[in-house]
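First comes the structure, then the notes that go with it.
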Amino acid sequence: MLKEERQKIMLELLTEKKIVKVADITEKLQVADMTVRRDFQELEDKGLIIRIHGGAKMLDKDTLTSIELSHREKKKIHLEEKIEIAQIIAENISAGETIFLGPGTTIELVYDYLTVDYAKIITNSIHVFNKFKHDARFELILIGGAYRSKTGAFVGTIANDFISSIHVQKSFIGVNGLNQATIFTSNEDEGLTQKYALNSAEEKFIIADHHKLDKKDFYGFYKLEDIDWLITDAGIPADKEQSFSESIHILKK
């Protein structure tokens with residue numbers, strides 16, 4: 001049996017029972033327990049389940065997202081929406097502006113669509129920095145600090161002290177979720193650095209594909225009413241577009 005088939009059956013069982021044991025899967029599929037554990041690990045890495053002692057349980061997508069995906073895993077998710085949003089971000093960066101670009105696999109794509117002949121780019125993301133570093137059109141500043149390998153972001157006191165002392169025309173910040181009151185991320189240190197970046201900007205942009213609307217994550221770091229623009233994709237449902245547009249200006253294709 002192919003791995004994809006095994007994992008499909010596992011997810012079907014978890015959807016039905018909410019919790020399954022390793023022994024249940026080994027008996028049903030006639031595979032080794034190490035195979036099941038590896039499959040559980042992969043499904044957890046994708047943010048679909050939570051491993052528990054001796055088994056796994058289904059992740060409730062309508063509640064707090066308890067697993068922070070790695071940078072590599074995030075790059076594979078909703079790529080079409082990310083490209084669409086990156087194009088909108090690029091369209092909202094003008095020549096000569098000083099811009100803060102936060103960490104995130106969507107924001108990393110912005111470089112591919114920028115046509116300006118000059119801008120100053122400030123970032124705390126090693127991945128964003130790597131996209132821009134060989135292009136002479138851009139004056140580039142990478143902010144240091146404590147490094148989070150999970151997202152490639154520099155955070156903490158050193159980063160926050162620098163960001164709180166600068167002024168930029170626009171900050172573009174990716175979020176893991178938002179509701180009508182608050183925007184969320186997975187990590188409190190990263191959230192605090194993102195808060196400083198928004199505070200330093202004349203115009204505040206948050207980045208979220210439509211899958212993140214009406215979702216919460218671990219750390220709420222900013223009030224939605226204090227944000228100027230939400231950049232999202234064309235897949236946003238009409239009812240959500242209407243409800244969120246009462247609190248924030250929405251940019252989409």
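Just a few scattered comments:
- Pairs where the first residue, in the range 230-253, is under 14 Å from A90 (Cα atoms) and the second is surrounded by 12 or more Cβ atoms within 10 Å (Cβ to Cβ) and polar (S, T, N, Q), C-beta under 6 Å, 6+ apart: K252/T232
- Among all positions in the range 58-65, there is at least one residue which is modelled with pLDDT under 90, farther than 25 Å from T123 by Cβ and not in a loop (DSSP other than H, G, I, E, B).
- Residue check for F138: assigned by TED's automatic domain parsing to the domain that holds T151 and touching a Ser or Thr at 6+ places or on another chain (Cβ under 7 Å): no
- Residues that are in a helix (DSSP H, G or I) and touching a residue at least 40 places away in the same chain (Cβ under 8 Å), drawn from the range 175-218: D189, E190, T193, Q194, A197, H210, H211
- Number of positions in the range 112-128 that are within 17 Å of the chain's Cα centre (by Cα) and not in a loop (DSSP other than H, G, I, E, B): 5
- Number of positions in the range 123-174 that are crowded, with 19+ Cβ neighbours inside 10 Å and in contact (Cβ under 8 Å) with a residue 40 or more places away in the chain: 13
- Looking only at the range 213-229, residues that are hydrophobic (A, V, I, L, M, F, W, C) and closer than 10 Å to L198 by Cβ come to 2 in all.
- Looking across the range 176-195, the residues that are modelled with pLDDT of 95 or more, under 18 Å from V128 (Cβ atoms) and surrounded by 24 or more Cβ atoms within 10 Å (Cβ to Cβ) come down to E190, T193, Q194.
- Candidate set: the range 161-183, residues that are among the β-branched types (V, I, T) and within 16 Å of I89 (Cβ to Cβ); chosen: the one nearest to the chain's Cα centre (by Cα): V175
- Residues in the range 200-210 that are closer than 19 Å to S247 by Cβ and either surrounded by 19 or more Cβ atoms within 10 Å (Cβ to Cβ) or in contact with a helix residue (DSSP H, G or I) (Cβ under 9 Å, 6 or more places away or on another chain) (or both): A201, K204, F205, I206, I207, A208, D209, H210.
The values are calculated or read from the model by the stated rules, or taken from the named source; none is laboratory data. Keep in mind that this is a model prediction, so the values were computed, not measured. In this analysis, Cβ positions are derived from the backbone assuming ideal geometry, glycine residues included, and neighbour counts consider all displayed protein chains.
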